[in-house]
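Here's the structure we're looking at; comments come further down.
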Amino acid sequence: MRLTTKGRYAVTAMLDLALHGAEAPVSLADIASRQDISLSYLEQLFARLRRGGLVCSVRGPGGGYRLSRSCDQIFTAQIIDAVNERVDATRCGGDANCRDGRICLTHTLWSDLSGQIHQFLEGISLASLLERREVREVSARQRQQRPAPVAGAPTTIPLADGSAVGA
């Protein structure tokens, strides 16, 4: 199965945005730092995510990106589709020219698997990812690796949909 870095990084960046974008826009530099993704690569991905209607940009001082709708209305398949990524288990890229320019014996099997994977990803929202214990633990670890917060700062992570997750 093939899901390239583009799709993985797009989902990771969107999840980071969901975790950190509740109170103010999030800069791509902050996402790049937390997730160890190249800033120039994120700029390319976010241009596509913006065109796909998943994020909106805020210009000026304190600007950055916000989710364009609530976390429960953004699904991983939409993110992957927005960056022109395909989840494809076939060797031919879905073109049915796998063997000497013609369909191979197992093409339909792998094509059906690709469809099942896409359908699975259509059912996973950013909100459902935010609810996962592992996501909260990794986010807390990433916060600990950053400079210490300002005294009196909240110990919860505000989410883009207005709720909060305890650290």
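Readers should treat all values here as calculations from the given coordinates under stated rules, not as data from a laboratory. Since we're looking at a predicted model, the values are computed, not measured. Reconstructed Cβ throughout: ideal geometry from the backbone, glycine too, with neighbour counts over all protein chains shown.
Annotation: of all residues in segment 1-55 being under 11 Å from the mean Cα position of the chain (by Cα) and of a type in the set (G, A, S), the one that is nearest to C71 (Cα to Cα) is A18. Hey, does segment 80-87 have a residue that's hydrophobic (A, V, I, L, M, F, W, C), in a helix (DSSP H, G or I), without any contact (Cβ under 8 Å) to a residue 12 or more places away in the chain and out of contact with any strand residue (DSSP E or B) (no Cβ under 9 Å at 6 or more places or on another chain)? Among the residues of segment 80-87, not one is hydrophobic (A, V, I, L, M, F, W, C), in a helix (DSSP H, G or I), without any contact (Cβ under 8 Å) to a residue 12 or more places away in the chain and out of contact with any strand residue (DSSP E or B) (no Cβ under 9 Å at 6 or more places or on another chain), which makes the answer no.
Yes/no per residue for (1) under 24 Å from E134 (Cα atoms); (2) assigned to a helix (DSSP H, G or I); (3) out of contact with any Gly (no Cβ under 7 Å at 6 or more places or on another chain); (4) touching a residue at least 24 places away in the same chain (Cβ under 8 Å):
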| position | (1), (2), (3), (4) |
| --- | --- |
| K6 | yes, yes, yes, yes |
| Y9 | yes, yes, yes, yes |
| M14 | yes, yes, yes, yes |
| I37 | yes, no, yes, yes |
| F46 | no, yes, yes, yes |
| R69 | yes, no, yes, no |
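Which pairs turn up if I take residues in segment 99-111 that are without any contact (Cβ under 8 Å) to a residue 40 or more places away in the chain and look for partners that are in a loop (DSSP other than H, G, I, E, B) and loosely packed, with under 12 Cβ neighbours inside 10 Å with beta carbon separation below 9 Å, at least 6 apart in sequence or on another chain? Hits for this filter: R99/L105; W110/M1.
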